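Below is one structure, written out as structure tokens; the observations come after it.
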Amino acid sequence: MTAELALFSDYKYGFFTDVETDSLPQGLNEEMIRAISAKKEEPDFLLAFRLKAYEKWLHSTEPLWANVNYPPIDYQKMTYYSAPKKKPVLNGLSEVDPEVLRTFERLGIPLEEQKRLSNVAVDMIFDSVSIGTTFKKKLEEAGVVLCSISEAMHTHSDLVKKYLGSVVPIGDNFFATLNSAVFSDGSFVYIPKGVHCPMELSTYFRINDRESGQFERTLVIAEEGSYVSYLEGCTAPAYDTHQLHAAVVELIALDHAQIKYATVQNWYSGNPKTGEGGIYNFVTKRGRCAGIHSKISWTQVEVGAAITWKYPSCILQGDHSVGEFYSVALTNGQMQADTGTKMIHLGKNTRSTIISKGIAADLSKNSYRGLVKIAPRARGARNYTQCDSMLIGDACSANTFPTIEVGNASSQVEHEASTSKMNEEQLFYFQSRGISKEEAVNMIVNGFCKEVIKELPLEFAREAQALLSIKLENSVG
Amino acid sequence: MLKIKDLTAIVGHTPILKGVNLDINRGDIHAIMGPNGAGKSTLAKILAGHPAYEVTGGEVWFKGQNLLELEPENRARLGLFMSFQYPVEIPGVSNAQFLHTALNAKRKGNGQSELTDAEFAQLLEKKRKVMEIRPEFTARNVNENFSGGEKKRNEILQMAILHPDLAVLDETDSGLDIDAMRIVAHGVNQLMNAEMGLLLITHYQRLLDYIRPHFVHVMINGKIVQSGGPELALEVENRGYDWLIPSLTTEGKA
């Protein structure tokens, strides 16, 4: 089994791994934040960053505008730091707790270098801590840095200091602010000037602990003229309680740099009958096209989590910069997704494309929420938006909440939307030609999503297709 | 090849078929005519296995197998083909992909090897020309934004590719202008052979000028009330259906 496959089969990742953990007690206060920082032996600027965030968080309120429902979260009943006790050394995986290694093996992520994925470098995050990174050497030769953000705090502290919070400011929103106060680990990527990253970079996130929230922080910096393609995957055990996942991802693309960021999110989505358990996926992802002719593409395939609240966005600051958002959000059972993007056009002749495909089945709720904002000075800006929803069954719902603000007369904004229903007649049409119902669903859904799927790195695209049909197996007739 | 015995069916709680009997042999062309609501299209859909209809009695045998026990896809793989009156649009799935998948599903079901992309492309090209279908047609999504005539021609293209033993054409002539009908009829005639059975379901006699049936049946109120040769179609064309109805109303009261 390959790493890709692990992300994409029926939910068989619901198992729990028994490892000795080093956890801080439940609850959130200033002392706790100091303790997290101390455990990670952080530089002073980071402690100051965290404390400032905590202060802001105390005065911010949880956003309630999303089209989702959930009972209040008790932030004092949560663990904010949990890590496997046996820590790996930085230059090898041999000292990782064998139980953790076995977990990744079961997930299909081979950690041993000889079994590694061809041409994909992987950073593994288990609960809050980075377990290890493959292909370090090859990346180093190219000058590319892929490491945990905890490591980067020490090895690249000037970059972390300069860019952390530069795209998603400390007080941005309730969940991002919480993340800024308590984030434990995440990935750090740095592509030097003019370097075309020689391989796909990837992070695999695993929540294991029952009580701990997961607060990763990802920072990707693409220097002038560089290129990187990055993919993240997520799974979690099936618990009957909810776990909070409040991550922050910041991307910075300088002049002529290009970042492709893809996510395949398959968190445990709760019991489809009772709605018990599942991950609350409240994530802030934002990229800044800081330089001229820079480009940031978000591609997401969201098929898991009980609730998704996520709007990967682009700030198109540099003239002629380009932002793209390609999304498939599939909800079934009692899942709720409120997801979309913001394209903020600041520079001249900036362009953005939004392609959103929502698929709702069973009792689920699936909403697209988007903002296209063109500043007065962003002359000649263009946006094209296409939002399509597909309903399967009568009990689900799909909504679209687009907002368009155009600040000048030389810009162009196009918005297209459609809602369709996968129906018995379509499935019967396939069957009457000898094609089974399962294959029909597969072909219809993948046909519906193909504009998005083709944006995924090749080795993941096929698996993403398989995942979509597996997810719908029990939702159709 | 096809044997329908005392077939009754309902949709919801409404009886639609009230005892249909029909035999079709290889090489035969049958036509079922009748007014709207007579149950003609229902019969076609029941043969194909549409889930909205419930068979309440009777039997259907096809090539020695109990057709009613088979899933729709297995009926198709066994050699049954129904051309839809209203072909469904499938966004995102190309005609070529759809047909290739369908043909390979049938071949696989019959223990034959699947066709490669190249082999299939060749076959499709050949059949496309016979059906006078433009080349760009195959890359377009199944029936999406097709005109009425294009949809019907596409159905016949599917039939040409799938090569059925029995084809049921449900109101293939409806919505077609005379030129489109001529092309469709030409296509069907090209495909018809001594090994194949054909069942035409039509409201008008018009189509039967182009595809000559051996047997004509008139269906009214869920039953075949009259059977005959091609001359029956002409009689219906001249006299309408009314003269066939009284026998039915009498029966209905009994």
- Output yes when any residue across segment A:409-430 is in contact with a Ser or Thr (Cβ under 9 Å, 6 or more places away or on another chain), aromatic (Phe, Trp, Tyr) and crowded, with 22+ Cβ neighbours inside 10 Å, and no when none is. yes
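Just to be sure before I move on: is B:GLY49 over 23 Å from B:LYS18 (Cβ atoms), within 14 Å of another protein chain (Cβ to nearest Cβ) and not polar (S, T, N, Q) in the structure I sent?
Numbers: over 23 Å from B:LYS18 (Cβ atoms): no; within 14 Å of another protein chain (Cβ to nearest Cβ): yes; not polar (S, T, N, Q): yes.
In short, no.
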- Task: Report whether or not A:ILE470 is assigned to a helix (DSSP H, G or I), β-branched (Val, Ile, Thr) and either out of contact with any His (no Cβ under 6 Å at 6 or more places or on another chain) or free of Cβ contacts under 8 Å to residues at least 12 places away in the same chain (or both).
- Result: yes
- Query: Pairs, please: C-beta under 8 Å, at least 6 apart or cross-chain, first residue at the interface with chain A (Cβ under 7 Å from one of its Cβ atoms) and at pLDDT 95 or above and in segment B:97-110, second in a loop (DSSP other than H, G, I, E, B) and surrounded by fewer than 22 Cβ atoms within 10 Å (Cβ to Cβ)?
  - Reply: B:ALA105/A:SER436
- Item | Listing of helices (runs of 4 or more DSSP H) fully contained in segment B:160-254 that carry 3 or more residues being modelled with pLDDT under 85 | B:245-253
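Right, A:VAL441: crowded, with 22+ Cβ neighbours inside 10 Å, in a helix (DSSP H, G or I), within 9 Å of chain B (Cβ to nearest Cβ) and in contact with a Ser or Thr (Cβ under 9 Å, 6 or more places away or on another chain) or not? So that I can check it myself, show each step before the final result.
On the way: crowded, with 22+ Cβ neighbours inside 10 Å: yes; in a helix (DSSP H, G or I): yes; within 9 Å of chain B (Cβ to nearest Cβ): no; in contact with a Ser or Thr (Cβ under 9 Å, 6 or more places away or on another chain): yes.
No: the conditions fail for A:VAL441.
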- Task: For segment B:165-172, indicate whether the set of residues that are on the phi < 0 side of the Ramachandran plot, within 12 Å of another protein chain (Cβ to nearest Cβ) and out of contact with any Ser or Thr (no Cβ under 8 Å at 6 or more places or on another chain) is non-empty.
- Result: no
- Message: Against the conditions (1) out of contact with any helix residue (DSSP H, G or I) (no Cβ under 7 Å at 6 or more places or on another chain); (2) touching a residue at least 24 places away in the same chain (Cβ under 8 Å), where does A:ASN442 fall short? Just the number, please.
- Response: (1)
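What strands (runs of 3 or more DSSP E) completely inside segment A:117-181 contain at least 2 residues that are in contact with a Cys (Cβ under 7 Å, 6 or more places away or on another chain), at pLDDT 85 or above and within 19 Å of A:ILE33 (Cβ to Cβ)? Break it down into steps so the answer makes sense when it comes.
Numbers: elements: A:120-126, A:129-133, A:145-148.
The strands (runs of 3 or more DSSP E) meeting that bar number zero.
With respect to B:GLU73, is the statement that it is at the interface with chain A (Cβ under 10 Å from one of its Cβ atoms) and either within 17 Å of the chain's Cα centre (by Cα) or at pLDDT 95 or above (or both) true? Working first, answer last.
Working: at the interface with chain A (Cβ under 10 Å from one of its Cβ atoms): yes; either within 17 Å of the chain's Cα centre (by Cα) or at pLDDT 95 or above (or both): yes.
Judged against the criteria, B:GLU73 is a match.
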- Task: Just name the residue that is surrounded by the most Cβ atoms within 10 Å (Cβ to Cβ) out of those in segment A:57-87 that are under 24 Å from the mean Cα position of the chain (by Cα) and in a helix (DSSP H, G or I).
- Result: A:TRP57
- On the given criteria, is B:VAL88 closer than 25 Å to A:GLU451 by Cα, within 16 Å of the chain's Cα centre (by Cα) and either surrounded by 15 or more Cβ atoms within 10 Å (Cβ to Cβ) or among the basic types (Lys, Arg) (or both)? yes
- Is it the case that some residue within segment A:430-437 is at pLDDT below 95, within 14 Å of another protein chain (Cβ to nearest Cβ) and not in a strand (DSSP E or B)? yes
- In the set B:GLU195, B:GLU150, B:GLU125, B:GLU144, which member is among the charged types (D, E, K, R) and touching a strand residue (DSSP E or B) at 6+ places or on another chain (Cβ under 8 Å)? B:GLU144
- Message: Within segment A:407-427, does at least one residue satisfy the condition of being charged (D, E, K, R), more than 10 Å from chain B (Cβ to nearest Cβ) and under 27 Å from B:PHE81 (Cβ atoms)?
- Response: yes
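So, in segment B:2-56, how many residues would count as being on the phi > 0 side of the Ramachandran plot and either surrounded by fewer than 19 Cβ atoms within 10 Å (Cβ to Cβ) or over 17 Å from the mean Cα position of the chain (by Cα) (or both)? I'd like the intermediate steps shown before the answer.
Of segment B:2-56, the ones on the phi > 0 side of the Ramachandran plot are B:6, B:12, B:19, B:27, B:34, B:37, B:39, B:49.
Next cut, either surrounded by fewer than 19 Cβ atoms within 10 Å (Cβ to Cβ) or over 17 Å from the mean Cα position of the chain (by Cα) (or both) only: B:6, B:12, B:19, B:27, B:37.
Residues meeting the conditions: 5.
Among A:ALA181, A:ALA142, which is out of contact with any Asp or Glu (no Cβ under 8 Å at 6 or more places or on another chain), farther than 18 Å from A:PRO457 by Cβ and not aromatic (Phe, Trp, Tyr)? Please lay out each step first, then the result.
Values: A:ALA142 fails: farther than 18 Å from A:PRO457 by Cβ.
Result of the check over A:ALA181, A:ALA142: A:ALA181.
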- Output the number of residues of segment A:447-461 satisfying the condition of being part of a helix (DSSP H, G or I), in contact with an Asp or Glu (Cβ under 8 Å, 6 or more places away or on another chain) and more than 12 Å from chain B (Cβ to nearest Cβ). 2
- Would you pick out the residues in segment B:128-155 that are over 11 Å from B:GLY187 (Cβ atoms) and among the aliphatic types (A, V, I, L, M)? B:ALA139, B:VAL142
- Message: Contact list please: Cβ distance under 7 Å, first residue in segment B:165-190 and farther than 19 Å from B:PHE81 by Cα, second residue among the hydroxyl-bearing types (Ser, Thr, Tyr), pairs at least six apart or on different chains.
- Response: B:MET181/B:TYR210; B:ARG182/B:TYR210
- Task: Return the total of residues in segment B:44-75 being in contact (Cβ under 8 Å) with a residue 60 or more places away in the chain and either over 24 Å from B:ILE161 (Cα atoms) or in contact with a Pro (Cβ under 8 Å, 6 or more places away or on another chain) (or both).
- Result: 1
- Note on the structure: Cβ pairs under 6 Å, 6+ apart or interchain, first in segment A:23-37 and within 10 Å of A:THR79 (Cβ to Cβ) and touching a residue at least 24 places away in the same chain (Cβ under 8 Å), second among the charged types (D, E, K, R) and surrounded by fewer than 14 Cβ atoms within 10 Å (Cβ to Cβ), ordered by first then second residue, are A:GLN26/A:LYS77
- Query: Mind checking which residues of segment B:1-38 are outside any strand (DSSP E or B) and within 22 Å of B:GLU231 (Cα to Cα)?
  - Reply: B:ASN25, B:ARG26, B:GLY27, B:ASP28, B:GLY34, B:PRO35, B:ASN36, B:ALA38
- Criterion violated by B:THR116 - all others in (1) among the hydroxyl-bearing types (Ser, Thr, Tyr); (2) within 20 Å of the chain's Cα centre (by Cα); (3) away from chain A (no Cβ under 12 Å) satisfied: (2)
- Can you pull out the residues in segment A:1-44 that are out of contact with any Leu (no Cβ under 9 Å at 6 or more places or on another chain), part of a helix (DSSP H, G or I) and at pLDDT 85 or above? A:GLU31, A:ASP44
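Among strands (runs of 3 or more DSSP E) lying entirely in segment A:331-428, which contain 1 or more residues that are over 27 Å from the mean Cα position of the chain (by Cα)?
Counting at least 1 such residues, we get A:397-406, A:412-422.
The values are calculated or read from the model by the stated rules, or taken from the named source; none is laboratory data. These numbers come from a predicted model, not from an experiment. With ideal geometry, Cβ positions are generated from the backbone for all residues, glycine too; neighbour counts draw on all protein chains shown.
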